[in-house]
1. Region 264-303 to region 49-65: how many Å between their Cα centroids?
2. Mind giving me the nanometre distance, one decimal, between the label points for ALA26 and ILE176, set 7 Å out from Cα along Cα→Cβ?
3. Dividing the alpha-carbon radius of gyration of region 111-239 by 2.2 N^0.38 Å (N being the number of residues), what value is obtained?
4. Would you kindly calculate the mean projected area, averaged across all directions, of the convex hull enclosing the Cα atoms of region 258-362, in square nanometres?
5. Note down the magnitude of the dipole of the chain about its Cα centre, charges +1 on Lys and Arg C-beta and -1 on Asp and Glu C-beta and zero elsewhere, to the nearest 20 debye.
6. Can you compute the equivalent ellipsoid semi-axes for the chain, i.e. the square root of 5 times each eigenvalue of the Cα gyration tensor, sorted largest first and rounded to whole Å?
7. If eta is 1.002 mPa s and T is 20 °C, what Stokes-Einstein diffusion coefficient results for region 276-330, Kirkwood Rh from Cα pairs, in µm²/s?
8. Could you please state how large a percent of the accessible area of the chain is carbon and sulfur, counting protein chains only and using a 1.4 Å probe?
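The values are calculated or read from the model by the stated rules, or taken from the named source; none is laboratory data. As the structure is a prediction and not an experimental result, all values here were calculated from the model. Glycine gets a Cβ as well: all are built from the backbone with ideal geometry, and neighbour counts include every protein chain shown. Note: accessible area is taken over every heavy atom of the protein model, side chains too, but ligands, DNA and RNA are not part of it. Shrake-Rupley method; radii C 1.70, N 1.55, O 1.52, S 1.80 Å.
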Amino acid sequence: MKDGFAWEEGIAKGAAMAAWRLPHCAEAFLVQDFSGGTRLQEGWNLDELSSGFLAAPFIGLPYFLRADSLSSFTLQARELPTPYVAPPENQSKKTEFMGWVAEAIQAIKKGPLQKVVLSRTDEQELPASFDVMTALEELGAAYPTAFVCALSIPALGGVWMCATPEILVEQNAEGIFRTISLAGTQSGVDADGFAIAPSQARWSTKEIEEQAFVSRYIIDCFKMIRLREYIEIGPKTISTGNLLHLKTEYIVDTKAMDFPQLPGLMLGLLHPTSAVCGTPKQEAVDFISATESHDRSMYSGYLGPVNLGKATHLFVNLRTVEIKENHAVFYAGCGITEDSNPAKEWQETQMKCQTLQRVLMQ
Ligand SMILES: C=C(O[C@@H]1C=C(C(=O)O)C=C[C@H]1O)C(=O)O
């Protein structure tokens, strides 16, 4: 495949690269930065970036890939082999993770922490035949509503791939700004492997509250910049393929409001949101760094094309994997509240890891 060559050639030349396909689109894009990409400096501004691709870690400054070369291509349709057999559970990871969740519940009961998103990793070997561009096509075919992406930055030393459902900040060519509040998770397939219709989903108080934390957080960010004119749609149940979530959408017409800086301002305020970090934010960051034994790196950061065709599409880096040679580290997390159950939260991270595993490990 033509763009497979461009990808391999770019890797060999030390280029920083991103290949992606937006939700509901057929066309995919490849950006190459032949300088290897740039780590932005404190005080960087979205409005001042040229056309390219932005990728930020959970904590820290983003990398920017300038579009030295931009090509578009169509992802080929791919059939996924079925049925899928999940890898066995890692019992020591399970015990460790459930311990973290129990600690978080205790901390929340004491306050001031109200919600914290804890994550864990799952390390697996990919098949010898694994190939990044083929995997991107398979992810695109399996998850048409997700943002699917492959990212290679020489300074990171591996390839990150994701199939994320979560918009962080989006501004289309017509000046329409969008962000979403996404939380609450349940399986999107029943015991026989059939899809569950979103209208059939039933949500518990715990999940409704968990998502409300994220919605309140977004509204608080709007309040900080005194923005009152936004449209709020939801919460509604959405299907991401193998999972169901609760989603509320926030929309602003930045042209009508003459507010073109809104995406940059909101990006600075939003990240990391309560969907991947917690409430209050600083207490959640502190709890995560004192508890998790892995470095989140790019997981739960954000990534996407910026200032391309007058549009910016930044997504939270979820349902994600870091690949070095054939070794894959899958990352997944879940929102812990006072009413969490450690075994259920572990199961949720299993389902989230499987979003990519069911495609990449066949
Ligand atoms: C943290 C993740 O997902 C986030 C957390 C969710 C939850 O706690 O229910 C749901 C969607 C995402 O906002 C992840 O996929 O790793």
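1. Using only Cα atoms to place each centre, the spacing works out to 16 Å.
2. Each label point is offset 7 Å from its Cα along the Cβ direction, giving 2.1 nm.
3. Normalised by 2.2 N^0.38 Å, the Cα Rg of region 111-239 equals 1.31.
4. 9.5
5. The calculated dipole for the chain is roughly 540 debye.
6. The three semi-axes for the chain are 28, 26, 20 Å.
7. Reported coefficient: 160 µm²/s.
8. C and S atoms contribute 52 percent here.
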